[in-house]
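Inspection log for the structure reproduced underneath, given as structure tokens.
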Amino acid sequence: MADFQPLVFSGVQPTGNLHLGNYLGALKRFVALQATHRCIYCVVDLHAITNTLPESPQALRAATREVAAAFIACGIDPQANIVFNQSQVSGHAELAWVFNCVARMGWLSRMTQFKDKAGKDRENASVGLFDYPALMAADILVYRATHVPVGDDQKQHLELARDIAQKFNVDFAAAIKAEGHGEAYFPLPEPLIQGPATRVMSLREGKKKMSKSDASDNSRINLSDSTDQIAQKVRRARTDADNLPTEIAGLAARPEADNLVGIYAALADVTKPDVLRQFGNGQFSTFKAALADLAIAKLGPIAAEMRRLNADQAYIDGVLRDGANRARALATPTIDQVKDIVGFLR
Ligand code: AQP
């Protein structure tokens, strides 16, 4: 395998209600990685129209700006990294077309997220929802990115991106070599699924993922929630009747307790055993009060900064435009080289 420069890419959909799961599974990891890697963080607005169409163009624009504001409010530096919205760089969609012709129907048909989102009414799902993982592969590979921080729910899509990269490298091996790219044109991107909260669960149902689209607002802590809302949602989070265990094994059959311990650990940057050492044998009410305080201390300043940034539309639009220009400068050579490899005249 050829040597590829380490490069991080990840995206978040502007579909409203950014929540604690998005923060702990993705945004907090994005922030940490900028200390060690070149990073590209994208508001994936093309993905945002795959499941349901936006309420209005204004709503999609507002949600796009809100995710960009969340990136910056969480601590991503848009100067040191690239922050932009996907639809401004046409290379994503162009490469997705080539990948549509490399990926196999069978591969995409196995994606559990499509099955979950399409539900029983598959015939009525958009082609975009089915094809979403091919576009996601293009998002990553148009920059030939090597590392992708995501929550656990995206693991299968990342495996598909690797399969697409591998098949492209094999299908076009002779042209890749002839064009001077050696053995492989695309890296096989590695998922970075790290920390104690890679799959944050609903506060109402411990076996269901915390999700933007959950009808119950009490199922999630939104990044835009007030301190009162955060405290109330933590207090009302479903738990069982027992005290917290002292050992990890004691969480095995207790998904709600396990979820809250994982959230505490991730917010406090400690491990789950550390949390149980501190709160094990204690009552849930004591732990929940500490968790509410911690969540407010960590998320309160982010919400305040998001509000400030959301009021400064010109600044956010400037960040996205500048980021898109820099992203385009990286994506264009890839598209040109892919055209040469495939045989499209240019
Ligand atoms: N519950 C979660 N726990 C940990 N990580 C999560 N992520 C999402 N939910 C959790 C991670 O957040 C990043 C951005 O997600 P996305 O906006 O691209 O879409 P999603 O994964 O589809 O988010 P939702 O909330 O689940 O939206 P809906 O309700 O529309 O399906 C990704 O890295 C994701 O792994």
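The values are calculated or read from the model by the stated rules, or taken from the named source; none is laboratory data. Keep in mind the model is a prediction, meaning the values are calculated, not measured. Here the Cβ is made from the backbone with ideal geometry for all residues, glycine too, and neighbour counts use every protein chain on show. Areas reflect the complete protein model, heavy atoms only, side chains present, ligands, DNA and RNA absent. Shrake-Rupley method; radii C 1.70, N 1.55, O 1.52, S 1.80 Å.
For the reader, a short list of remarks on this structure follows.
- In order through region 138-144: 3J(HN,Hα) via Karplus (6.51 cos²θ - 1.76 cosθ + 1.60), integer Hz, x for Gly, Pro: 5, 3, 6, 7, 5, 9, 6
- Taking the longest Cα principal axis of the chain as reference, the axis of helix 91-100 is set at about 80 degrees.
- Under 5 Å, built H, 5+ apart or other chain: amide partners of GLY11: CYS42
- Among VAL200, VAL67, VAL275: highest mean-square fluctuation, GNM of the chain, C-alpha pairs under 10 Å: VAL275
- Here the Karplus relation 6.51 cos²θ - 1.76 cosθ + 1.60, evaluated at θ = phi - 60°, turns the backbone of region 55-60 into coupling constants of 4, 6, x, 4, 5, 5 Hz, with x for every Gly and Pro.
- Folded to 0 to 90 degrees: helix 155-171 orientation relative to the chain principal axis, Cα: 10
- Straight Cα distances below 25 angstrom link LYS155 to the lysines LYS28, LYS115, LYS117, LYS120, LYS167, LYS207, LYS208, LYS209, LYS212, LYS272, with same-chain residues fewer than 8 positions distant left out.
- Protection proxy ranking, peptides 42-51, 102-111, 291-300, 262-271, average beta carbon neighbours within 10 Å, highest first: 42-51, 262-271, 291-300, 102-111
- Helix 255-268 vs. the chain, principal-axis angle (Cα, 0 to 90°, nearest 10): 80
- DSSP beta bridges fully contained in the chain are about 15 percent antiparallel.
- Per residue, region 217-308 exposes an accessible area of 48 Å² to a 1.4 Å probe, with every protein chain left in place.
- Sulfur and carbon atoms: percent of accessible area, the chain [1.4 Å]: 50
- Pairwise centroid distance, computed over Cα atoms, of region 247-277 with region 157-202, Å: 33
- Dipole magnitude (debye, nearest 20) for the chain, charges at Cβ of Lys, Arg, Asp, Glu: 380
- Heavy atoms of GLU183: accessible area, 1.4 Å probe, square angstrom to 10: 120
- Area of CYS101 that stays accessible when all protein chains are in place (1.4 Å probe, Å², to 10): 80
- Model label sites at ALA252 and ASN218, defined 7 Å from Cα along the beta-carbon direction, differ in position by 3.2 nm.
- Ranked by solvent-accessible area (1.4 Å probe, protein heavy atoms only, all chains present), the residues TYR315, TYR23, TYR41 order from largest to smallest as TYR315, TYR23, TYR41.
- Computed from label points 7 Å out along Cα-Cβ, the spacing between ASP116 and PHE344 is 3.3 nm.
- Contact order relative to length of the chain, as percent, for alpha carbon pairs under 8 angstrom and 6 or more apart: 23
- Between THR50 and any residue 5 or more places off or on another chain, the built amide H atoms are never under 5 Å apart.
- Centre-to-centre, using Cα atoms only, region 285-319 and region 1-37 are separated by 18 Å.
- 14 Å reach of a label modelled at LYS167, 7 Å along Cα-to-Cβ, counting backbone N of region 178-220: none
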